[in-house]
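Just so it is clear, none of the values below were taken in a lab; they were calculated from the coordinates. Since we're looking at a predicted model, the values are computed, not measured. Reconstructed Cβ throughout: ideal geometry from the backbone, glycine too, with neighbour counts over all protein chains shown.
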Amino acid sequence: MKKIITAFVFCFLCGKCFSQAGEWTWIHGDSAINVGAVWGVQGVPDPANTPRSFYEATPWTDLDGNFWLYDGNLWKYEPLINMWTWMKGNGPLADPGDYGIQGVPAITNRPRPRSLGAASWTDLNGNLWLYGGESSGPYNDLWKYEISTNIWTWMHGSSVVNAPAVYGTQGIPSPFNTPGSRYECAANWVDSNGDLWLFGGFKGGGSYNDLWKYTISTNEWAWMKGADTVNQTGNYGVIGVEDPANVPCARLSYSNLKDAQGNFWIFGGVFWQGPPIQMIYNLNDMWRFNPLTNNFTWMSGSNLADDSGSYEALCAASLNNLPVSRFESRANWVDNCGNFWIYGGAFFFPLDFTYQDLWFFDPVTLEWDLVNGNALTFQNPVYGNLGISNSLNTPGGRMGAIGWRSNCYLYLFGGDLQDFNMNSRHKNDLWKFSIDTTCITTCSTPGLSFCLPVGITGPEQNASCLVFPNPSASILSILFEASSNQLIELRLYNTVGKQIYFSNEEITKGKFEKEINVEKLSGGIYFLQLKTEEGNINRKVMVNH
């Protein structure tokens, strides 16, 4: 085992000292398989800390751009310092969980350990939500974790396994409704009202194609679409045409994404009918759901099972490109332009053929682009040197990995490598991929840029605006030469687009001067926007403590 105990270095602050565009960098964790956790002190980040090797952990990204993971214990990863923190749980001890009283937060509350595709969401207030999953059986319990208090609350559902679904009337919420116990339903759609959505999944006798909405304010589920029975073949309709009759076939272990317009997307997965007649079909269809119309549209991919896809040259976007049918491609991301990225996964039967390909999909042009990797299966990782990117580096073929995104970087954690003998080889390695904007040039959503958070638009440079000192450890000064009397708005964003500073004032023609105290901000990259009559002026600034 190659245990990694790495100190924090400046390259992880600047984010690109050793990361070349279009290349993978191994940044944390072990190159060995089936490795135990390094716990450290609960609540204290440390370069030696790391979660255990895990297959299908539950991920979140908080509103400050930190990554969270649940593997029976709750972990936080801060990309700016490249450190893990064990936040909650019993560590290496056997843990039966503690439900407490439903709806009542308590410091002793915690979900039972679980895996296999529990659903997860980050709500509009920054709380982390968890539904279902499997351990000694499938669950239907819904949990909320409040970051500021470090407290779990059991919000809905049962504390026992194998709870049945209660559908009620389609479209009508009720306190008695529940999707029932299920797993492999890795949904994380949150709509503009803050409601949580969940699709499909698996339980014993087969897979589902039902769509559910949970309203936080009323603590109620509503069955919105799909069937109330398992193993439905769905209705594809006409590709590209929205229709109330359209619905995807039942599936589990799909990729889930959300575009810049607020539509929900589903890619691939596997149709799995349980015994006594077992049928398993791999999928590579892409679906869009419009929460405003409550309708699905089949947008791309095949409506046939086990499609072999089409691999053309790297960095050649085309309507003819298509990933091979797959499931367990949970490492998927949405960039700042609203484009989709999907890594790896597996093709089931007779073996889980694992993939190492990284794909890009533009939801506007509907073109696929193979960005990294190839169609080869069962490829082992190539680690290279810790913290240094290389064109030969690759996480290898894996299934059940999870992904987060920060600015122009895609992060991938863990999963299972598999091999020809169906041996499980769980991982706890953490990788970073730097998006190559010369390979991917499409930003179809007007006003957005790959490497700037949503809401920051316009040119990167403007000679009439000075920002100094940059980097800054205390006071950041902004100087702008205004051509007329006008209202000036000044904003500062972190790397996930959260506004952390705002001011506005009327100025006369001449110089606009402003100082921002950044002493209390965490070290790292921020984005400053000056909104003027001449247009938006953006600067990438560094806080260096």
>> What FRET efficiency comes out for Gln273 versus Lys540 if R0 is 51 angstrom and r is the Cβ-Cβ distance? Round to the nearest 0.05.
In response: 0.50
> If each residue's Cβ is checked for other Cβ atoms within 10 Å, how do Lys520, Lys511, Lys540 rank with the fewest at the top?
Replying inline: Lys520, Lys511, Lys540
>> Order these by the 10 Å Cβ neighbour count, fewest first: Met83, Met224.
In response: Met224, Met83
> Which order results if Phe433, Phe267, Phe378 are arranged by neighbouring Cβ count within 10 Å, fewest first?
Replying inline: Phe378, Phe267, Phe433
> Which pairs break 23 Å Cα to Cα here: Lys144/Lys432; Lys258/Lys540; Lys76/Lys520; Lys213/Lys258; Lys258/Lys427; Lys76/Lys144?
Replying inline: Lys144/Lys432; Lys258/Lys540; Lys258/Lys427
> How long is the chain along each principal axis, judged by its Cα atoms, biggest number first, in Å?
Replying inline: 78, 52, 50
> Taking the Cα centre of the chain as the origin, how large is its charge dipole in debye, to the nearest 20, when only Lys and Arg (+1) and Asp and Glu (-1) carry charge on their Cβ atoms?
Replying inline: 900 debye
> Taking the Cβ-Cβ separation of Ile239 and Asp95 as r and a Förster radius of 45 Å, what is the calculated FRET efficiency to the nearest 0.05?
Replying inline: 0.45
>> Just to confirm a number: summing +1 for Lys and Arg and -1 for Asp and Glu over residues other than Ala186 whose beta-carbon lies under 10 angstrom from that of Ala186, what do you get?
In response: -2
>> Starting from a Cα-only point model with no solvent, please compute log10 I(q)/I(0) by Debye for the stretch 260-389 at q = 0.12, 0.16 1/Å.
In response: -0.50, -0.85
> Relative contact order for the chain: what is it in percent, counting Cα pairs under 8 Å that are at least 6 residues apart?
Replying inline: 12 percent
> Among Gly345, Tyr355, Ser115, which residue has its Cα positioned farthest towards the positive end of the charge dipole of the stretch 10-434, with +1 placed on the Cβ of Lys and Arg, -1 on the Cβ of Asp and Glu, and the dipole taken about the Cα centre?
Replying inline: Ser115
> Based on DSSP H runs of at least 4 residues, each adding -39500 (n - 2.57), what is the mean residue ellipticity at 222 nm of the chain after dividing by all its residues, to the nearest 500 deg cm²/dmol?
Replying inline: 0 deg cm²/dmol
> Taking Lys509 as the anchor, which aspartates and glutamates have their alpha carbon closer than 16 Å to its alpha carbon, excluding any fewer than eight residues away along the same chain?
Replying inline: Glu481, Glu489, Glu533, Glu534
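So if we plug the beta-carbon distance of Val41 and Ala473 into 1/(1 + (r/R0)^6) with R0 = 30 Å, what FRET efficiency do we get, rounded to 0.05?
About 0.60, to the nearest 0.05.
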> Using modelled amide H (1.01 Å from N, peptide plane; none on Pro or chain starts), what sits under 5 Å from the amide H of Glu220, excluding residues fewer than 5 places away?
Replying inline: Thr215
>> Take Glu146 and Asp64, extend 7 Å from each Cα along the Cα→Cβ direction, and tell me the distance between the two endpoints in nm.
In response: 1.7 nm
> What net charge is computed for the residues neighbouring Cys315, neighbours being all others with C-beta under 9 Å from the C-beta of Cys315, Lys and Arg scored +1, Asp and Glu -1?
Replying inline: -2
>> For the pair Ala227/Lys509, report the inter-label distance in nm, with labels modelled 7 Å from Cα in the Cβ direction.
In response: 7.2 nm
> Summing +1 for each Lys or Arg and -1 for each Asp or Glu, what net charge is found among the other residues whose Cβ lies under 13 Å from the Cβ of Phe202?
Replying inline: -2
> Which whole-Hz couplings ³J(HN,Hα) result when phi for each residue of the stretch 36-48 is put into the Karplus expression 6.51 cos²θ - 1.76 cosθ + 1.60, θ = phi - 60°, listed in order with x for Gly and Pro?
Replying inline: x, 6, 10, 7, x, 9, 4, x, 10, x, 7, x, 7
>> How long are the semi-axes of the equivalent ellipsoid of the stretch 488-545, taking √(5λ) for every eigenvalue λ of the Cα gyration tensor, in whole Å from largest down?
In response: 22, 12, 10
> Can you work out ³J(HN,Hα) from phi for every residue in the stretch 227-241, in order, using Karplus 6.51 cos²θ - 1.76 cosθ + 1.60 and θ = phi - 60°, giving whole Hz and x for Gly and Pro?
Replying inline: 8, 9, 10, 7, 6, 7, 7, x, 9, 6, x, 9, 4, x, 10
